[in-house]
Amino acid sequence: MLALLIPGPLSPGNDIHVYLQPLIKDLKELWEVGLETYDSLSNQRFDMHATLMSTISDFPAYAMLSGWSTKGKIACPACHYETESLFFNKSHKHCYMGHPTFLDLSHPWRRNKRYFIGVTGQRHQPVRLTGIETKELLCGFRNKCGKLQKITKQEKEVPWKRVPIFFKLPYWKHCSLRHNLDVMHIEKNVCDNIIATLLDLPGKSKDHANVRQDLKALNWMPELHPQLLEDGKEVFPKSRFSMSLEEKRLFCQVIKNAKLPLGYASNIARCVQVGERKITGYKSHDAHFLMHYLLLVAIKTTLSKDVAKPLLRLCAFFKGIWKKAIDPQDLDYLQTEIVETLCQLEEIFPPTFFDVMVHLPIHLVEEIKLGGPVGIRCMYAIERYLRELKSDVRNKGRPEGSMAERYLAKECLAFCGRYLNRSNNPSDNNAVDPSISNTLFPNIGRPIRGKGRNRKKKDYGFMMDHITRAQVHQYVLFNCDSEEVERYIE
Ligand SMILES: [Zn+2]
């Protein structure tokens, strides 16, 4: 992994493929030649082969790895050329609507004109590009390296930015799910959009004066058009989801006062400012928890039934896809749920609410069918590991060097630790003095250091050698009255 530790403060952008070359070379060798490996169970050596099945990254990095630009009017990599979007001049944003095209052809809403007027017609939902199709599309495409390259207007129109280096792997074009959408980031962004719009947070809310002007220019959602008063002032009518000050306060209060089991979530109450009616500064896992549990209660308490219902369905959808084991029969139901929910939300929220992150959940069920449960394809583990790497930085002038050095030190210690632990066996004639392992791993025999008052006390904790520890352990076992322990004593 550290072979790809890229130096420099800036993201390499599309040039990441240059840094990926050593990795691709190794992967190619692993596929074609294999690596001699020892199997301790059968005491034999064999040639181990390995494949890269898919990649996982956040949405901007998705563009770097897949070569498909995730910006502009065809930003969705799954809908590709058939992405439904509209540019709003005043808001200066692309909005990705047209979710009714994803409805089943026999769905009753297909016959309802209100979903299909002028926008989508009786169109079918887009079909994902296969690896072979992508490779054919990119045949003859010339990669441009370096950030100082001039891009012509014609090149800007093309959604492909470069040929992904992964196509050098002979099997890559046959992989059905080559790049995963990261559910962690999608969930966080959707949660941000909902909270900011419902609480009307300045600068973050998706319902603002510009979008109202856009709606008037397009003659959409007439109930939201700005109205001119006699004195020349413009008034913006209230939307269906707007809350009074008292309702916003109640919304915040519900989240602030929630009592959660210990260790279940971080202290979300710290992000809620009831007086200012704000919820800010929460992390990805907080958003995950809000979407699954707390937002449901707050929405039910404050919003009207017609607005609350689609939002509750959206929360239930996210809860449904995060299950560790999903019955394949439930997946079709989840897909119908998300399509219907987004169609209903299109009627309630202004178009700016539908940025690409709100559109992406529509493809998540398909990705579960191709790649398995969400839990094994999300970025929580990777983000935690990145945090660990960042904590290794001691010299901030040379962060990459610090990480590489610390990583190597940890690997060496882990190797030594394994060797020393094994030699603690008293029957082993070559046993190494256990005290050496204690100097390497000073926490052995110590109680776990806790937070709180005791943290500052210098005399906190004590060193216990292995023999004493075994004696204490034996003493406790032999002096327990419990029936469970008796079995072991016998
Ligand atoms: Zn799409």
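The values are calculated or read from the model by the stated rules, or taken from the named source; none is laboratory data. Predicted model only: the values in this text are computed from it and were never measured. Because the Cβ atoms are built from the backbone with ideal geometry, glycine has one as well, and the counts that use them run over all protein chains shown.
Matching residues to (1) without any contact (Cβ under 8 Å) to a residue 60 or more places away in the chain; (2) aliphatic (A, V, I, L, M); (3) farther than 20 Å from LEU177 by Cα; (4) in a loop (DSSP other than H, G, I, E, B):
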{"residue": "ASP47", "(1), (2), (3), (4)": "yes, no, yes, no"}
{"residue": "LEU52", "(1), (2), (3), (4)": "no, yes, no, yes"}
{"residue": "PRO60", "(1), (2), (3), (4)": "yes, no, no, no"}
{"residue": "CYS76", "(1), (2), (3), (4)": "no, no, no, yes"}
{"residue": "GLU84", "(1), (2), (3), (4)": "yes, no, yes, yes"}
{"residue": "LYS90", "(1), (2), (3), (4)": "no, no, yes, yes"}
Output for the range 254-269, where each listed residue is surrounded by 16 or more Cβ atoms within 10 Å (Cβ to Cβ) and closer than 16 Å to VAL297 by Cα
VAL254, ILE255, LYS256, ALA258, ILE268
For the range 96-149, which positions are of a type in the set (A, V, I, L, M, F, W, C) and modelled with pLDDT under 85?
LEU105, TRP109, PHE116, ILE117, VAL119, CYS145, LEU148
If a residue has to be in contact (Cβ under 8 Å) with a residue 60 or more places away in the chain, more than 17 Å from ARG313 (Cα to Cα) and out of contact with any Asp or Glu (no Cβ under 8 Å at 6 or more places or on another chain) to count, how many in the range 193-205 make the cut?
2
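From the list GLU383, GLU411, GLU405, GLU400, pick out the single residue that is touching a Pro at 6+ places or on another chain (Cβ under 7 Å) and modelled with pLDDT of 85 or more. Spell out how you get there, then give the answer.
Values: GLU383 fails: touching a Pro at 6+ places or on another chain (Cβ under 7 Å); GLU411 fails: touching a Pro at 6+ places or on another chain (Cβ under 7 Å); GLU405 fails: touching a Pro at 6+ places or on another chain (Cβ under 7 Å).
Only one candidate qualifies: GLU400.
Taking the range 160-182, which residues are assigned to a helix (DSSP H, G or I), crowded, with 16+ Cβ neighbours inside 10 Å and either among the basic types (Lys, Arg) or in the same structural domain as GLU366 (by TED's automatic domain parsing) (or both)? Write out each step before concluding.
Applying the first criterion (assigned to a helix (DSSP H, G or I)) to the range 160-182 yields 165-168, 172-174.
Retained after the next criterion (residues that are crowded, with 16+ Cβ neighbours inside 10 Å): 165-167, 172-173.
Once the filter is applied, which keeps residues that are assigned to a helix (DSSP H, G or I), crowded, with 16+ Cβ neighbours inside 10 Å and either among the basic types (Lys, Arg) or in the same structural domain as GLU366 (by TED's automatic domain parsing) (or both), the range 160-182 yields only LYS173.
Please return the ranges of helices (runs of 4 or more DSSP H) entirely within the range 286-396 where 3 or more residues are away from the ligand (no atom under 16 Å from the Cβ). Before the answer, list the steps.
On the way: elements: 295-302, 305-321, 328-348, 356-359, 364-371, 380-391.
By residue number, 295-302, 305-321, 328-348, 380-391.
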Being out of contact with any strand residue (DSSP E or B) (no Cβ under 9 Å at 6 or more places or on another chain), within 16 Å of the ligand (Cβ to nearest atom) and free of Cβ contacts under 8 Å to residues at least 60 places away in the same chain is the filter here, so list the residues in the range 92-115 that pass it.
THR101
